[in-house]
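Peer 1: The structure is given below, and queries will be raised subsequently.
The values are calculated or read from the model by the stated rules, or taken from the named source; none is laboratory data. Treat the numbers as computed from the prediction; the structure is a model and nothing was measured. Cβ: placed from backbone, ideal geometry, glycine included. Neighbour counts: every protein chain shown. Keep in mind that these areas ignore ligands, DNA and RNA; they rest on the heavy atoms of the full protein, side chains included. Shrake-Rupley method; radii C 1.70, N 1.55, O 1.52, S 1.80 Å.
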Amino acid sequence: NAEKAPKTVEMFLKNARSGFYDDTIFHRVIPDFMIQGGGFSKAMEEKKVLTPALQNEADNGVTNERGTIAMARTGDPHSARAQFFINLKDNTFLNHRAPTGQGWGYTVFGKVTSGMDVVDKIAKVPTSNAGPHQNVPTTPVVIQSVKIISDK
């Protein structure tokens with residue numbers, strides 16, 4: 001949704017075109033919540049991110065509904081760089097409420113238009129802890145490559 005989250009979409013497309021997301025994994029899978037990926041290798045090594053942190057665009061009116069794609073971030077609302085997540089249900093508590101540390105929310109920048117059945121299958125894989133990371137699939141769920149088929 002380049003109209004509602006222009007900087008986020010621009011950064012995501014830049015990462016995708018550069019091959020950044022190729023051979024990354026969905027490293028965090030929480031059933032009935034979300035699946036997160038785009039930042040770790042199969043060996044659970046964090047990839048070096050070349051893009052700068054983004055100004056949070058969660059105040060764009062787009063909400064964290066089932067099937068939407070949003071940027072992951074740290075506790076700093078303006079720290080999203082490459083990792084993203086797909087909402088498995090409507091997660092209204094992740095929406096923008098106020099321009100404060102607790103209220104910023106998570107920027108929704110896209111939506112799964114086909115293949116939600118695959119997302120739901122990923123949500124059911126067995127998980128465990130891997131070092132300091134929780135909810136890691138016991139068998140890596142690999143994003144082999146990302147291809148841009150349309151910039152719309």
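Peer 1: From the list Val136, Val142, Val108, which residue is among the aliphatic types (A, V, I, L, M) and more than 14 Å from Ala43 (Cα to Cα)?
Peer 2: Sole residue among the options that is among the aliphatic types (A, V, I, L, M) and more than 14 Å from Ala43 (Cα to Cα): Val108.
Peer 1: For residues that are aliphatic (A, V, I, L, M) and under 12 Å from Gln83 (Cα atoms), scanning just the stretch 20-49, find the one that is nearest to the chain's Cα centre (by Cα).
Peer 2: Ile35
Peer 1: Could you please find all residues in the stretch 59-82 being open to solvent by 80 Å² or more (accessible area, probe 1.4 Å) and within 15 Å of the chain's Cα centre (by Cα)?
Peer 2: Glu65, Arg66, Thr74, Arg81
Peer 1: Now, a different point. Which one of these is touching a helix residue (DSSP H, G or I) at 6+ places or on another chain (Cβ under 7 Å), outside any loop (DSSP other than H, G, I, E, B) and open to solvent by less than 50 Å² (accessible area, probe 1.4 Å): Phe109, Phe85?
Peer 2: Just one listed residue meets the conditions, Phe109.
Peer 1: Considering Asn56, Asn91, which residue is under 21 Å from Lys124 (Cβ atoms), modelled with pLDDT of 95 or more, out of contact with any helix residue (DSSP H, G or I) (no Cβ under 7 Å at 6 or more places or on another chain) and open to solvent by less than 20 Å² (accessible area, probe 1.4 Å)?
Peer 2: Of Asn56, Asn91, the one residue that is under 21 Å from Lys124 (Cβ atoms), modelled with pLDDT of 95 or more, out of contact with any helix residue (DSSP H, G or I) (no Cβ under 7 Å at 6 or more places or on another chain) and open to solvent by less than 20 Å² (accessible area, probe 1.4 Å) is Asn91.
Peer 1: What are the pairs, 6+ residues apart or on separate chains, where a residue within the stretch 133-152 that is in contact (Cβ under 8 Å) with a residue 24 or more places away in the chain and surrounded by 10 or more Cβ atoms within 10 Å (Cβ to Cβ) has its Cβ under 6 Å from a residue that is assigned to a strand (DSSP E or B) and among the hydroxyl-bearing types (Ser, Thr, Tyr)?
Peer 2: Matching pairs, first to second residue: Asn135/Thr127; Val136/Thr127; Pro137/Thr127; Ile143/Thr24.
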